[in-house]
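To start, the structure under review is shown below, and the notes come after it.
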Amino acid sequence: MKRFLLILLVLFLVVSLFGCNAAPAPEPPPQDETGAAEEITGLVENFGSRLQKVSLLAPEDTVKKSLEEQYGSLVAPGLLKKWQEDPEEAPGRVASSPWPERIEVLSIEKLTDSAYEVKGEIIEVTSVEMEKGGAAAKRPLTLIVEKSESNWLIVSAELGSYSLNEAAAYENTQYGFRFALPESWQGYTIVTEKWEGLGIGSDQAVENGPLLSLRHPDWTEPSPRQDIPILIFTTAQWASLEQEKFHIGAAPIGPSELDRNSEYVFALPARYNYAFPAGFEEVEEILQSNPLQADDTLLK
């Protein structure tokens, strides 16, 4: 009996000794950030591919339905509701051309185990860029993406200002404006002329000012292409034009404003492309992207 009790005591001590020296249970592995980044990139690129399918200028009911159909599975319900109530805050298509073609992800930063900040650019294109590559315009975008159960959802989106295509952008410091051009216009020239404003009921010129035309590098005398004409008015001249104190040309409608700074108003002549020369469709697409940006800081 004593021998049996001794054996039990020895076994107890052995088990206790090994139990004290046993390695602790392993910590759960850290979250796979590489895998998360890949999933988030896929989410954002999927979102970017749907932007052109959401026309923000459609009737209100159509916009709400389109936002739900295209973004519903990718964004949080609260953000979707916000966009449906105020579509101007939502990313999407605002013109027939250019249109948002994709989102390029620039960086992904971890905020918490279940939230990341994504910085990227919305790449907008026209038919020219679809054929030759490049971008007609770029717009910065910052997204916050959070894990919801097993899926990542976009919970916040902040749109930045459009950036010019620096490859062929025209900058004018005399009048204070920039004009974005697609890469195919690299090597453009500037043609300087003058507009004249005729008095109402007379053929006498009562006002005048500069007319700058951006000319495509492929323009030749035998085969001219459509220019991009820019009328430049002082703010006082523009006010007089709107008050119908003079008119420009024989068209029944006046020029259309493109943008303005504190001193000048920039406008497009009425029926500037009445002859439909080669390249007029491309110029129409360029103008639909609001390429002219007036800027007081450029004035010298």
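Set Lys and Arg Cβ to +1 and Asp and Glu Cβ to -1, take the dipole of the chain about its Cα centre, and tell me which of GLN174, LEU111, ASN273 lies farthest positive.
LEU111
Output wanted: per-residue J couplings in Hz (rounded whole) for the range 183-190, from phi through Karplus 6.51 cos²θ - 1.76 cosθ + 1.60, θ = phi - 60°, x for Gly and Pro.
Ordered by residue, 3J(HN,Hα) equals 4, 5, 9, 4, x, 4, 10, 10 Hz.
Across 5 Å bins from the origin, how do the percents of Cα pairs in the range 91-161 run, short distances first?
For the range 91-161, the binned pair fractions read 4, 16, 22, 20, 15, 11, 8, 4, 1 percent.
Treating the beta-carbon of each Lys and Arg as +1 and of each Asp and Glu as -1, no other charges, what is the dipole magnitude of the range 74-226 about its Cα centre, to the nearest 20 debye?
Values: 14 positive and 25 negative charges, 32 e Å.
The calculation lands at about 160 debye.
Give me the percent relative contact order of the range 51-144, please, defined on Cα pairs under 8 angstrom at least 6 residues apart.
22 percent
For the range 34-128, what class follows from the C-alpha gyration tensor (a ≥ b ≥ c being the square roots of its eigenvalues): rounded when a/c is under 1.5, otherwise prolate if a/b is larger than b/c, else oblate?
Details: a/c = 2.49, a/b = 1.38, b/c = 1.81.
Taking the square roots of the gyration eigenvalues as a ≥ b ≥ c, the range 34-128 is oblate.
Could you calculate the FRET efficiency of ASP218 with SER114 from 1/(1 + (r/R0)^6), where r is the beta carbon distance between them and R0 is 45 Å, rounded to 0.05?
Rounded to the nearest 0.05, the efficiency is 0.25.
Dividing the convex hull volume of the alpha carbon atoms of the chain by its residue count, what do you get in Å³ per residue? Mind showing how you got there, number by number?
Details: hull volume 63.5 nm³, N = 300.
Spread over its residues, the Cα hull of the chain gives 212 Å³ apiece.
Can you compute the charge dipole magnitude of the range 42-90 about its Cα centre, using +1 on each Lys and Arg Cβ and -1 on each Asp and Glu Cβ, nothing else charged? Give it in debye, rounded to the nearest 20. Before the final figure, lay out each step's value.
Working: 6 positive and 9 negative charges, 35 e Å.
In debye, rounded to 20, the range 42-90 gives about 160.
Give the accessible surface of the range 219-300 per residue, rounded to a whole number of Å², with probe radius 1.4 Å and ligands, DNA and RNA excluded.
Here the residues of the range 219-300 average 55 Å² of exposed surface.
With n ≥ 4 as the cut-off for DSSP H runs, can you work out [θ] at 222 nm for the chain, using -39500 (n - 2.57) per run divided by the number of residues, rounded to the nearest 500?
Working: 7 runs with 81 residues, N = 300.
Dividing the helical sum by the residues of the chain leaves -8500 deg cm²/dmol.
Using a Gaussian network model on the chain with a 10 Å cutoff between Cα atoms, which of LEU198, LEU51, LEU258 fluctuates the most?
Comparing LEU198, LEU51, LEU258 in the GNM, the peak value goes to LEU198.
Which residues in the range 131-154 have a backbone N closer than 13 Å to a point placed 7 Å from the Cα of LEU106 along the Cα-to-Cβ line?
Answer for the range 131-154: 138-143.
For a quick check of understanding: with a 1.4 angstrom probe and all protein chains in place, what accessible area in square angstrom does LYS64 have, to the nearest ten?
It works out to around 70 Å².
Answer rounded, prolate or oblate for the range 234-300, using the Cα gyration tensor with square roots of eigenvalues a ≥ b ≥ c: rounded when a/c is under 1.5, else prolate when a/b is larger than b/c, else oblate.
Because a/c hits 1.5 or more and a/b fails to exceed b/c, the range 234-300 counts as oblate.
Share of the chain's accessible area from carbon and sulfur, percent, 1.4 Å?
The value for the chain is 52 percent carbon and sulfur by accessible area.
Taking GluC sites (Glu not before Pro) that fall in a DSSP loop and have at most 15 other Cβ atoms within 10 Å as cut points, what is the longest piece of the chain between them?
With a cap of 15 other Cβ atoms within 10 Å, the longest stretch comes to 1-148.
Treating only the Cβ atoms of Lys and Arg (+1) and Asp and Glu (-1) as charged, compute the dipole magnitude of the chain about its Cα centre; round to the nearest 20 debye.
Magnitude of the dipole: close to 1080 debye.
At 0.36 nm per residue, and after removing the present C-alpha to C-alpha distance, how many nm does the segment from LEU57 to ASP295 gain when stretched out fully?
That pair, LEU57 and ASP295, stretches by 83.0 nm at full extension.
The values are calculated or read from the model by the stated rules, or taken from the named source; none is laboratory data. All of these numbers come straight from a predicted model, not from anything done at the bench. For neighbour counting, all protein chains shown are included, and Cβ atoms are generated from backbone atoms with ideal geometry for every residue, glycine included. Heavy atoms of the whole protein, side chains included, go into the accessibility calculation; ligands, DNA and RNA do not. Shrake-Rupley method; radii C 1.70, N 1.55, O 1.52, S 1.80 Å.
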